[in-house]
Structure formats: C-alpha cells, structure tokens
C-alpha cells in the first residue's frame, strides 16, 4: 500500500513538473519570427520634397495640351488640344510604376540604407525598413514622366510643327518634369547623418531614374506617333 501511494505521489509530482515546464515554453513557440527591428530614421523633410516633386512631375506632361503649329493652308498659328487619349500613356506608366513597386523591388530585394533583407521581409511597421528600396519607385515615376513628356514634345515639334519651337509646350512637357526630377533625386538619396539615413541608396535611385526615363520615352514616342496633336475634326479644344 505504501509502495502504491509512493508511485501515485511520484506520478503526480512528475506531471506537475512537466506542466510547469511546458507553460513558459508555450509563450514563444519555436519558429516564430523575433520582431527585432532597427528603428531607422529617415529625413522627413526631404521625403516631403520628393513626394511633392513626384506629384508635380507626373501631372505636368499628362495635363499639358498637345501643342502644334497648324498647317498654313488652313489656319496659321499655334494650336493646343487636350486629348482624352492621354489616359493611355498615363495608365501605361502607372501600371509600369506599380510593377516596379510591387514585383520588381520584391524580386531584387535591395534593402534600404540601414536595413537588410531579413528585417525588411518582416516589415515591422514604423521601423523604416518596411519595404525594399530599389529600383526607386519615386524616381521611376518622376523620370518616367520626364521621358514621356520629352518624347511627346520632340515628336510634336519635329513631326507635326515642322521644327518650330513652342516655349509653353517645352515648359509643360520638359521643363517642369525636369525640375521635379532634379529636386526629387536628393529627396530620395540625401543622407543627413549616420542617425538619419536616406530613403534609398545611390544605386537604387539611379536604377529607378534610368529605367523610368527609358520606359517613359518609349511610351511617349509610341503615343505621339499614333495620335496626331490635332483633333481631326472641327475646332474642338478637347479631342475625344
């Protein structure tokens, strides 16, 4: 009897010990990611500059009318027409920008300054390492608009205006996007100190700028060659 009581007591003691050991172990199951994230500060002032430059640079060429010098046999002088078909290059560049931001950046896995691939994949909110940095989406969109506007301006000037230069068309299609691109570049790459890091490194900025400029130029040339600046009917200002 005493032996049976001893066995029961020993069993209960062992069970209690096992439960006591397993409870704290259950607090952190094996395999769970440890949210150890660097809190990387970014220069919010320069970030705001790059955001404003992106907005202005992108809107300018797509809101600018197509300017051309009218055929002297009909009416002489400069004409400007807003084309609803500008939605085609605008949406094409938007789609290309989303492709870079969602697919290409995740495939390239280029970490932002102060981050590495492992903590970026965790995406801890507020860490400054939520997303990958390259190619820079800001630069792709801003320089892409510069490429699109420049291509449209050149085709309209040399193909449809017999080489005549129009200052407003140049300002809207080339000048404003160019200034926005120049201002936006340090906004993404400027590094104040070791404590305040840039949004992207120079390689990521260059990759976004070059790929955006080439993509935008291809889109702009294709659109301008397929769509004449005139409406093709009457004197309407908006071409449907």
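The values are calculated or read from the model by the stated rules, or taken from the named source; none is laboratory data. Values in this document were obtained by computation on a predicted structure and should not be read as measured data. When we count neighbours, we look across all protein chains shown, and the Cβ atoms used for this are built from the backbone with ideal geometry, even at glycine.
Could you tell me whether residue 219 is within 19 Å of residue 90 (Cα to Cα), crowded, with 20+ Cβ neighbours inside 10 Å and touching a helix residue (DSSP H, G or I) at 6+ places or on another chain (Cβ under 6 Å)?
Criteria met by residue 219.
State all residues of the stretch 158-185 that are surrounded by fewer than 16 Cβ atoms within 10 Å (Cβ to Cβ) and within 19 Å of the chain's Cα centre (by Cα); if no residue qualifies, say none.
Selection gives 182 alone.
Looking at (1) under 26 Å from the mean Cα position of the chain (by Cα); (2) assigned to a helix (DSSP H, G or I); (3) modelled with pLDDT under 60, which one does residue 14 not meet, given that it meets all the others?
Answer for residue 14: the failing condition is (1).
Do we find that residue 178 is within 20 Å of residue 52 (Cα to Cα), in contact with a helix residue (DSSP H, G or I) (Cβ under 7 Å, 6 or more places away or on another chain) and either part of a helix (DSSP H, G or I) or free of Cβ contacts under 8 Å to residues at least 12 places away in the same chain (or both) in this structure? Even if it seems obvious, please write down each step before you answer.
On the way: within 20 Å of residue 52 (Cα to Cα): yes; in contact with a helix residue (DSSP H, G or I) (Cβ under 7 Å, 6 or more places away or on another chain): yes; either part of a helix (DSSP H, G or I) or free of Cβ contacts under 8 Å to residues at least 12 places away in the same chain (or both): yes.
Yes: the conditions hold for residue 178.
I need the full set of residues from the stretch 63-122 which are surrounded by 12 or more Cβ atoms within 10 Å (Cβ to Cβ) and in a strand (DSSP E or B), in order please.
66, 67, 68, 69, 70, 78, 79, 80, 81, 82, 83, 110, listed by residue number.
Just wondering, is there one or more residues in the stretch 127-140 that are out of contact with any helix residue (DSSP H, G or I) (no Cβ under 9 Å at 6 or more places or on another chain) and either surrounded by fewer than 23 Cβ atoms within 10 Å (Cβ to Cβ) or outside any loop (DSSP other than H, G, I, E, B) (or both)?
yes
Can you tell which of 84, 40 is under 29 Å from residue 170 (Cβ atoms) and at pLDDT 80 or above?
Working: 40 fails: under 29 Å from residue 170 (Cβ atoms).
Residue meeting the stated conditions: 84.
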